[in-house]
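The structure appears below as structure tokens.
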Amino acid sequence: MSQKMTRRRLLLGGAATAAVVLVKSSFGKMVQTGIPEAAIDPTKQVGPLPGVLGTRSPFEHPQRKPSLTSSQTPLQDLYGMITPSDLHFERHHAGVPAIDPNSYELMIHGMVDRPTVFSLADLKRFPSVSRICFIECSGNFRKPDKENVTPQDICGLTSQSEWTGVMLSTLFREVGINPKATWFLAEGSDAAVMTRSIPVSKGWEDAMIVYAQNGEAIRPQQGYPARLLLPGWEGNTSVKWIRRIELSDGPFMTREETSKYTEPVKDGKIRQFSFTMDARSIITYPAYPAQLQKGWVEIRGLAWSGRGKVQKVEISTDAGKTWNAARLQEPVLDKAHTYFRYLWQWNGDTAAIMSRAIDETGYVQPVLQELIAARGIGTGYHLNPVTAWLIKRDGQVVYSPEKWK
Amino acid sequence: MPFWACVAGTLMIACERRNTAMPEHFGYGRPATEKEIAAKAIAIHPDGKGLPAGSGTVQDGALIYAAKCAACHGATGVEGPYNILVAPDTIDAPPFDQAPKRVKAIGNYWPYATTIFDYVRRAMPFNAPGSLSDNEVYSITAWLLHANKLIDANAVINAKTLPAVVMPARKYYVTDNRKGGEGPYE
């Protein structure tokens, strides 16, 4: 720690922490290096002057929760439909590659008229499109056997951004797709050279090659400098750091669509190419580790569906006996996280609260027992059960563990 | 159609078609040369298309596996610490939907043998991806197939024999056909 910082602290009588940061430049001007954590009286002291990058308030500490293979979004710390880019979940198979945007290339070849290589600058010259949609990992389900788990622990592998780029259909027309091509391979340039086979129909429908996230260049963890975006489909198919698209007349049967991202279902079957993410919702407040007080509570959370818009979110405050419609925050977008709210009066008794999403196909988010009854206990990916939170008499809100059988 | 409708992604095509100023082709990008396509198109099709020349044996594979893979996947492919690679199919095994703890590996879960070559060549060994020669990958593939009781100890694996290996799990694979709407939730 610098001498100046120490002196500054002394000047403030020890009330300020290490984040205090007005330092004198060589011209004797005060310059910003951060934001004071606890000025004694903010009206009696000039704050930091404008700086080159914004910062979070030192009072706020939202953090992803990393494991060796993924990091989860802190859903319980967020208030809206957009995930701040630095809190977007991560799942990758061999770390985050460092890619020089000046040497980046995307090659489209195979069953096309004109095999073509596009630079990043080429991609940016095409007519661009922005859309807001979620990306969710199809492994976004944990089965905790304890009470102290947060929304982040249970389903933090979903995040939402505004994505900007070029429609894949624009690139398809540019290279001329052979009408006999039915699938394409999407290949990343990470150390796993990760690949997935995608039906060409999705490419024409709403797939994009995106290079921007929430208004700025995509973050390396989300695929810098460019990724595939398949709205509503399991996150793994939106191949990051995309370097190659090969048009073909069948799927390639890559490891990520056989050994992984397939799920055992009834009668010993193994289900493959389960691309679409089913409707789901989660109450993010009140949820562990919130502490409630008697009286009015606004229940809040997120709902989404890979099959279209969320049509309705229903809330139960009596362990699933009765359900009432929550208010949906506009805009309600196609294949997008939708924020919901429901006003409720907590009388201090033990209560179990839960939400369920209903999408525009009429699909109603199931409970875990319904999923297991339909698929068996050996299933894995694409689990989207209703999540219940238990409110104890002392106002403690905890997860309510469910039996896996 | 108002401009904002174009922003909604799915309607983009309709907008593009209506907009007479939109050219058939933009002419951006450069033609890919055959040479660079050949160098980069490493994906193997399940019918074997894309497999390179060369071949490998179980014996050679055993040596390479011990040197370059065993530290992470175990001496015989079942010890870990990382993914278990060996789990032969057995007739009396419970179906996967009833057996959450049953190990899923090449012998009992992978539907195509070509996937082994494709995946190992692009992603393994984890600490040195892309470092194996095609013959080494063929040999390791042979060893993995043999360890999973799918080929004989003296089998040779190459572009012709690999796609012909019968994978017991193939018959269990079904393609998702769910469309949302009302349950059941299979």
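Counting only residues at least eight positions apart within a chain, or on another chain, the lysines with an alpha carbon under 23 Å from that of A:Lys294 are A:Lys321, A:Lys392. Spatial offset of the range A:257-310 relative to the range B:17-83 amounts to 33 Å, using the alpha carbon center of each. Checking the Cα-Cα distances for B:Lys68/B:Lys101; A:Lys65/B:Lys149; B:Lys68/B:Lys149 against a 32 Å cut-off, the pairs over it are A:Lys65/B:Lys149. Size of the protein assembly as shown: Rg and Dmax of its alpha carbons, in Å, are 26.6, 85. If R0 is 56 Å, the Cβ-Cβ spacing of B:Thr175 and A:Lys44 corresponds to a FRET efficiency of close to 0.25. Put a dot 7 Å past the Cα of A:Gln396, heading toward its Cβ, do the same for B:Ala164, and the two dots end up 6.6 nm apart.
In this simple spin-label model, placing a label point 7 Å from the Cα along the Cα-to-Cβ direction at both B:Phe126 and B:Ala93 gives a separation of 2.1 nm.
In this rough spin-label picture, where each label sits 7 Å from Cα along the Cβ direction, the A:Trp296-A:Phe59 distance is 2.2 nm.
The A and B chains share an interface that buries close to 5600 Å² of accessible area, total over both sides, probe 1.4 Å.
For a test of the definition: using alpha carbon positions, the gyration tensor, and the 1.5 limit on a/c, classify the range A:280-399 as rounded, prolate or oblate. Oblate. Taken as Cα centroids, the range A:358-398 and the range A:165-234 sit 31 Å apart, rounded to the nearest whole angstrom. Cross-link reach is defined here as a Cα-Cα straight distance under 18 Å, omitting same-chain residues fewer than 8 places apart; for A:Lys312 the aspartates and glutamates meeting it are A:Asp278, A:Glu298, A:Glu330, A:Asp334, A:Asp359, A:Glu360, B:Glu182.
To the nearest ten degrees, helix B:134-147 and the longest principal axis of the Cα atoms of chain B are 60 degrees apart.
Here A:Lys202 is the anchor, and the lysines within straight C-alpha reach of less than 18 Å, apart from those fewer than 8 places off in the same chain, are A:Lys180, A:Lys240, A:Lys309, A:Lys335, B:Lys179.
A DSSP coil position with no more than 12 other Cβ atoms inside 10 Å describes the following trypsin sites (Lys or Arg not before Pro) in the range B:134-186: B:Lys160, B:Lys179.
The values are calculated or read from the model by the stated rules, or taken from the named source; none is laboratory data. From a predicted model like this one, the values you see are computed outputs, not experimental measurements. Note that each Cβ is placed from the backbone with ideal geometry, even for glycine, and that neighbours are counted across all protein chains shown. Please note that ligands, DNA and RNA were not included when accessible areas were found on the heavy atoms of the full protein model with its side chains. Shrake-Rupley method; radii C 1.70, N 1.55, O 1.52, S 1.80 Å.
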